[in-house]
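Chemist: Here it is: the structure, laid out below.
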Amino acid sequence: MSTLKTLGFLAVLGLTLWPGGHASRAQEVSEYTVKAAYLVNFVKFITWPDKVYDDDQGAIVIGILGDDPFGATLDDMVKGRFIEGHIVLVRRFASYDETQKGSLRKCHLLFIAYSEKDRLRDILKAVQGSPVLTVSEIERFPLAGGMIQFDQEGQRITLDINPAQAQKAGLTLSSKLLQIAKIYRTE
Amino acid sequence: MGIFRFSDMPLKKKITLIAVVSSSVSLLMACLVFILSESLTFPRVMRQNLSNLAQIIGDNSTAALSFNDSRTAQGLLDTLKANPHILSACLYDLKGQVFARYARPDAPQYWPAVVWEEKSEFSGGSVRIFQPVLSGGDRVGTLYLESDTREMQLRMMDYTLVTVVVGVLAFLISLLVASRLQQRVTGPLQQVVDRMKDIAKGEGDLTKRLEVTGKDEIGEVAEAFNTFVGKLQGVEDMKLDLISVVSHQLKTPVAEINGFIENMMMGLTGELNPKQKTYLDEMRAIGRENYRLITDLLSASKIDRGVVTVDLKPVSTKEVVGLAIRDYEVPLARKGLSLELEGVWEGGMLYADRDKLVEALRNLINNAIKCTDKGSITVRALTEGDMGVIEVADTGIGMDAETMGRLFTKNRVLGKEAHRSGAGLGLYITKNFMKQQNGDITVTSEKGRGTCFKLAVPRFKPGEGGRL
C-alpha cells in the first residue's frame, strides 16, 4: 500500500488518539475508532495456522457479533488494504444463535459485542477448538474463557489477554503484544 | 646537527642512511594509507551499526506504538543505557509527537523535531539517524538515535599509537640491520683503502695481495688493484735487476781503476811530482767512495730481491773488531780523532757471519768519523744476557728524534750537515744484515753531544747447536 494512504489513515487515527479540544461526542466516536484500529493491528501480532486461509481467496475475516459499535469506520480502515499479505473482510452477525456456529468458526478474529453478554458462554463454546481470536469489551472476558478484552486505564485503552486460551485454539501471540498487555491466567 | 654535506659522509653512513630513510618512508606510507582507509570506512561502519541498533529498537517498539503503550516504549528506550555511546533516543508517533525518549544523564536533554524520511548525519562529534518504524509493512512511528563518535576517536587513537610504536620499532630494526649490512659492503672497501694508503706511503709490501671476497664491484676493485700491484711489482723487480746488473758491470772497472791508481801512487810508473801526487790522492779517495757506493747498491738490491745469505759461524769479538778497525789510522789522524777500544780483548765468542758483522762495524766507524770533528770514537764490547754487543760511540754532531726514526729506512734524507757523502744506504743494509744474523742494530743520540750505535748478535755457546 502507498505511504500516502497509510499516512492518511494514521492521521485520522492520530487525530482521534490525542485528547484536547474535542467534544465529548467526538470522544465517543474516537474510542471506537481506536478500538477498530486495534482490531486491525491485532492481525499483525497474531499467527494463525496456515490452513485457515483456504476460504475467501485467502482473506482474513473479522467477524462482528451482536450490535456493531464501529460502523463504517472499520470498513474504511480495511478497504483495499493488505495486512501481512492478506485482504481483510468484515462480516457482521446478528445476535447469536446456533445456526451461526459454522460461519463463526470460519472467522479469524471475532469481536463479541456487549449485547452478547448473556450468551457469552455458548458463543465461546461454539468457536472452541477453532483458531478464532476472540475479542470483547465484556468485563472479565479473559477469565470467562475469552482471549482479549478492551479495558480502560484513564484515557488510554488497554488490553487484557489470556494467552493460554489463544494457545489452546492454535494461535500464536507475539511476545511484543503480550509485553504491552495485562496478562490473565486460568487454570 | 649543523651543516653537513651528503657527499662528505663516510660510505657506511650513506648506506645506513639510504636504507633507513627508504624503509622508513615506505613504512610511513603504508601506515598513512592504513589510517586513511580506516578513517574513510569507519564512519560508514558506525552509521551501519547505529542503523542496525535502530532497526532492533524500532522492531521491538511496534506493539507499543500500535497499541499506544508509551510506558513499554519508554522501558525499551531505557535499555539503551547499556550502550554508553548512545547520547539520546526518541520515538515519535505518526503525528510526529514524542512517544518516548531517552538521554544519557550527562548528555544534553535535547530531542529534535521529527524527520519523516530515513536520514543519517555526522555533526559535532556525534552521528544521528532517523529511521521509520514499520509493523507488518505499515508505518507506526519514527525512531531517532544519536551516538557519540568516541569509539571512532578511541579507535583512531589506537591506530595512531600502534603506527607510531611500529614506526619507531621498524626504524630501530632497520637501523640495526642497515648498520650490520653496511659493514659487509664497507669492510672490504676499507681494506682496499688501507692497503692502497699503505703502498702510497712507500712502506707497502708489493708481494701482498688483497683478498677478493666476492664478485661485486668491490671484488672487482680488489682484483684490479691486485693486477695493478702485480704490474708495479714487475716494474720494481725490473728496477732491482737493472741496479744489480749495472752495479756488477761497474764494480770491476772501478776496482781496476782503483788498482791502477794504487800502482801509480806506489811509483810503478815512475817518479811523481807533487801536483800529480795530490791529484792521484784525490782520485784514489773518489774511486774508493765510488767502489763503496757500488757495493752498497749491490747489497741493497740483494736485500730487496731477498737473495741475501749469511754464513753463521763462531767468531771472536776480538777478531771482528780487529778486522774492522784496519786502515782507519789515516782518516782518524786527518781529523785529529782518537780511537778508544774498551773490553774488546776480553770479549767472548759470537755466533755470526764474520764478514757481514765486520762490514756493519766498518760502516758505523765510517759514519762516526764522518760526523765527528773533534773528540774520540769509542768501540766497546760487552755482553747483555744471551747477546754479545759491540757499541760505536762518537762525540759528533748527534741527531734529533725525527732523524733517528727514519735512520734505518731506504732513501732517507738526513739533515744537510750529516749528509756528507754516500747514497745513504749504509744503515739500511746494516739493519738487514743484523736481522739476517738473528741480531739487531739500535741507536741512541743527543743532538750536539754524540751518537751511540749498538750492534747485537747472539753469543756462541759450544755444545748446544753452536748457540747460546
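The values are calculated or read from the model by the stated rules, or taken from the named source; none is laboratory data. What you are looking at is a predicted structure, and each value in this text was computed from that prediction instead of being measured. When we count neighbours, we look across all protein chains shown, and the Cβ atoms used for this are built from the backbone with ideal geometry, even at glycine.
Chemist: Quick one: B:Thr186 ticks every box in (1) touching a Leu at 6+ places or on another chain (Cβ under 8 Å); (2) closer than 30 Å to B:Ile303 by Cβ; (3) polar (S, T, N, Q) except a single one, so which number is it?
Modeler: (2)
Residues checked against (1) in contact (Cβ under 8 Å) with a residue 40 or more places away in the chain; (2) touching a Leu at 6+ places or on another chain (Cβ under 7 Å); (3) part of a helix (DSSP H, G or I):
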| residue | (1), (2), (3) |
| --- | --- |
| B:Asp194 | no, no, yes |
| B:Val212 | no, no, no |
| B:Thr227 | no, no, yes |
| B:Lys231 | no, no, yes |
| B:Asp237 | yes, no, yes |
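Chemist: Would you check if there is a residue in the stretch B:66-73 being touching a helix residue (DSSP H, G or I) at 6+ places or on another chain (Cβ under 9 Å), in contact (Cβ under 8 Å) with a residue 40 or more places away in the chain and closer than 19 Å to B:Val140 by Cβ?
Modeler: Among the residues of the stretch B:66-73, at least one is touching a helix residue (DSSP H, G or I) at 6+ places or on another chain (Cβ under 9 Å), in contact (Cβ under 8 Å) with a residue 40 or more places away in the chain and closer than 19 Å to B:Val140 by Cβ, which makes the answer yes.
Chemist: Could you grab me the full set of residues in the stretch B:33-73 that are within 14 Å of chain A (Cβ to nearest Cβ) and among the hydrophobic types (A, V, I, L, M, F, W, C)? Talk me through it step by step, then tell me what you get.
Modeler: Of the stretch B:33-73, the ones within 14 Å of chain A (Cβ to nearest Cβ) are B:56-73.
Those that are within 14 Å of chain A (Cβ to nearest Cβ) and among the hydrophobic types (A, V, I, L, M, F, W, C): B:Ile56, B:Ile57, B:Ala63, B:Ala64, B:Leu65, B:Phe67, B:Ala73.
Chemist: Can you find a residue that is over 27 Å from A:Lys168 (Cα atoms) and in a strand (DSSP E or B) anywhere in the stretch A:59-78?
Modeler: No, because not a single residue in the stretch A:59-78 is over 27 Å from A:Lys168 (Cα atoms) and in a strand (DSSP E or B).
Chemist: Just the residues that are without any contact (Cβ under 8 Å) to a residue 24 or more places away in the chain and in a helix (DSSP H, G or I), please, taken from the stretch B:214-224.
Modeler: If the condition is that a residue be without any contact (Cβ under 8 Å) to a residue 24 or more places away in the chain and in a helix (DSSP H, G or I), then B:Glu217, B:Glu220, B:Glu223, B:Ala224 are the ones that fit.
Chemist: Right, something else. Which of (1) more than 44 Å from the chain's Cα centre (by Cα); (2) surrounded by 15 or more Cβ atoms within 10 Å (Cβ to Cβ); (3) at pLDDT 85 or above is the odd one out, the single condition B:Gly388 does not satisfy?
Modeler: Result: B:Gly388 fails condition (1) only.
Chemist: Taking helices (runs of 4 or more DSSP H) that do not extend beyond the stretch B:261-354, which have at least 3 residues that are under 47 Å from the mean Cα position of the chain (by Cα)?
Modeler: B:274-305
Chemist: I'd like to check something: does the stretch B:102-112 contain any residue that is within 14 Å of chain A (Cβ to nearest Cβ), more than 60 Å from the chain's Cα centre (by Cα) and free of Cβ contacts under 8 Å to residues at least 12 places away in the same chain?
Modeler: So far as the stretch B:102-112 goes, no, none of its residues is within 14 Å of chain A (Cβ to nearest Cβ), more than 60 Å from the chain's Cα centre (by Cα) and free of Cβ contacts under 8 Å to residues at least 12 places away in the same chain.
Chemist: Which ones in the stretch A:54-93 are under 21 Å from A:Thr33 (Cα atoms), under 17 Å from the mean Cα position of the chain (by Cα) and among the small types (Gly, Ala, Ser)?
Modeler: Correct list: A:Gly63, A:Gly66, A:Gly71, A:Ala72.
Chemist: Of all residues being part of a helix (DSSP H, G or I) and of a type in the set (D, E, K, R) in the stretch B:196-210, which is modelled with the lowest pLDDT? Just the residue, please.
Modeler: Ranking the qualifying residues of the stretch B:196-210, first place goes to B:Asp198.
Chemist: List the helices (runs of 4 or more DSSP H) that sit entirely inside the stretch A:80-187 and contain at least 2 residues that are more than 14 Å from every other protein chain (Cβ to nearest Cβ) and farther than 23 Å from B:Asp59 by Cβ.
Modeler: A:101-105, A:120-127, A:163-168
Chemist: Tell me, which helices (runs of 4 or more DSSP H) wholly within the stretch B:1-85 include 3 or more residues that are over 30 Å from A:Val43 (Cα atoms) and among the hydroxyl-bearing types (Ser, Thr, Tyr)?
Modeler: B:11-60
Chemist: Within the stretch B:86-114, how many residues are polar (S, T, N, Q) and not in a strand (DSSP E or B)?
Modeler: The number of residues fulfilling the criteria is 2.
Chemist: Now for a separate question. Quick one: B:Ala368 ticks every box in (1) buried (at least 18 other Cβ atoms within 10 Å of the Cβ); (2) at pLDDT below 85; (3) among the small types (Gly, Ala, Ser) bar one, so which box is it?
Modeler: Tallying (1) buried (at least 18 other Cβ atoms within 10 Å of the Cβ); (2) at pLDDT below 85; (3) among the small types (Gly, Ala, Ser), B:Ala368 fails exactly one: (2).
Chemist: Please verify whether the stretch B:118-134 includes one or more residues that are within 11 Å of chain A (Cβ to nearest Cβ), at pLDDT 90 or above and outside any helix (DSSP H, G or I).
Modeler: Looking through the stretch B:118-134, at least one residue is within 11 Å of chain A (Cβ to nearest Cβ), at pLDDT 90 or above and outside any helix (DSSP H, G or I).
Chemist: Among the candidates B:Ala418, B:Ala401, B:Ala393, single out the residue that is at pLDDT below 90 and more than 35 Å from the chain's Cα centre (by Cα).
Modeler: B:Ala418
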